[in-house]
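Scroll down for the structure; my scribbles are underneath it.
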Amino acid sequence: MSSTGAPPKPPSADDDGFKKELVTLIPHLRAFARTLTGDPTAADDLAQEAMMKAWDARASYQMGTNMKAWTFMILRNQFYSEKRRSWRQTQLDQEAAERTLVAVDDPEAPVALDELRQALKTLPEEQREALILVGAGGFAYEEAAEICQCAVGTVKSRVSRARKALAATLERGGYGRDGKAAGDAMRSILADADRLSGARQS
Amino acid sequence: MINTKETNPRPDAPASRDQGLEEVRLRQQAIGVKLRHMFDQVVNEPVPDEFLDILRRADERSSTKEGQ
């Protein structure tokens, strides 16, 4: 690296390390944002804003602590503060967002994934995020509690309620998809999970 | 339904209830697999260039700020 005569910057080795770690977290931030917003474009905007916030706040981050949980918390706070500001607009955009979600779906993606996305949408927000963090993001209950700024017991009960509600919804296919027999969604999820775990083992 | 033709080896834990619990467990497991799959699909997408561009610009921005 060539120095161009700028005054010596304070701990830039720390900045480099921080940035490297932040870059590895981008895919995870995108995935979490996608589950919160349900819309790929809005999700990337949110993930970018969260990434910038994390970068600007890097002085307050202690290297060696859980950066993934820290950035997820930033992203989540960003999501809810924006949402509060523009909840009216969000409602107006809801229909458009749902159309987008369907439109960008990979036509070859197994039906089960779409069923799951639809069913997830029927969960209360706080249950959905708890389930995603623990069930998909690989966070411990304690970490999820930190991210959601609530008690560990609260996260546990939210995850448990989310799991039950999700199974029940998939079981009866009760989220208003036409022409589907009850239990179809669950059947395709079961079949697809078998396929996936089979592929993983072989 | 009670099946009278077979004797239940464990009367305190009827086979039908065991099956029910096993069913619930399997379903939760399947949902878990799909949840991770859904999340990982996005994680495995290539990161749009915008993200790295933004970080690069942020870097320049903060170094010009400090240069003033």
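The numbers here are math on the coordinates, done by the rules we state, and not lab data. Keep in mind that this is a model prediction, so the values were computed, not measured. As a convention, Cβ positions derive from the backbone with ideal geometry for all residues, glycine included, and neighbour counts pool all protein chains shown.
General observations
- The mean number of Cβ atoms from other chains found within 10 Å of a Cβ in peptide A:53-59 is 1, as a whole number.
- Using θ = phi - 60° and Karplus 6.51 cos²θ - 1.76 cosθ + 1.60, couplings along the stretch B:21-31 (whole Hz; Gly, Pro as x): 5, 4, 4, 4, 4, 4, 5, 5, 5, 5, 5
- Flagged links, alpha-carbon separation over 31 Å, of A:LYS68/A:LYS121; A:LYS53/A:LYS164; A:LYS53/A:LYS156; A:LYS53/A:LYS121; A:LYS19/A:LYS83: A:LYS53/A:LYS164
- Neighbour counts of other Cβ atoms within 10 Å put A:TYR61, A:TYR80 in the fewest-to-most order A:TYR80, A:TYR61.
- Cα Rg over Rh - the stretch A:12-82, Kirkwood: 0.97
- Inter-chain shielding of A:20-33 (mean C-beta neighbours from other protein chains, 10 Å cut-off): 3
- Mean partner shielding of peptide B:20-33, defined as the number of other chain Cβ atoms within 10 Å of each residue Cβ, is 5.
- Karplus-derived 3J(HN,Hα) values for the stretch A:129-137, using 6.51 cos²θ - 1.76 cosθ + 1.60 with θ = phi - 60°, are 5, 4, 5, 5, 4, 7, x, 10, x Hz; glycine and proline are entered as x.
- Packing rank of A:149-162, A:119-132, where each peptide gets the mean count of other beta carbons within 10 Å, highest leading: A:119-132, A:149-162
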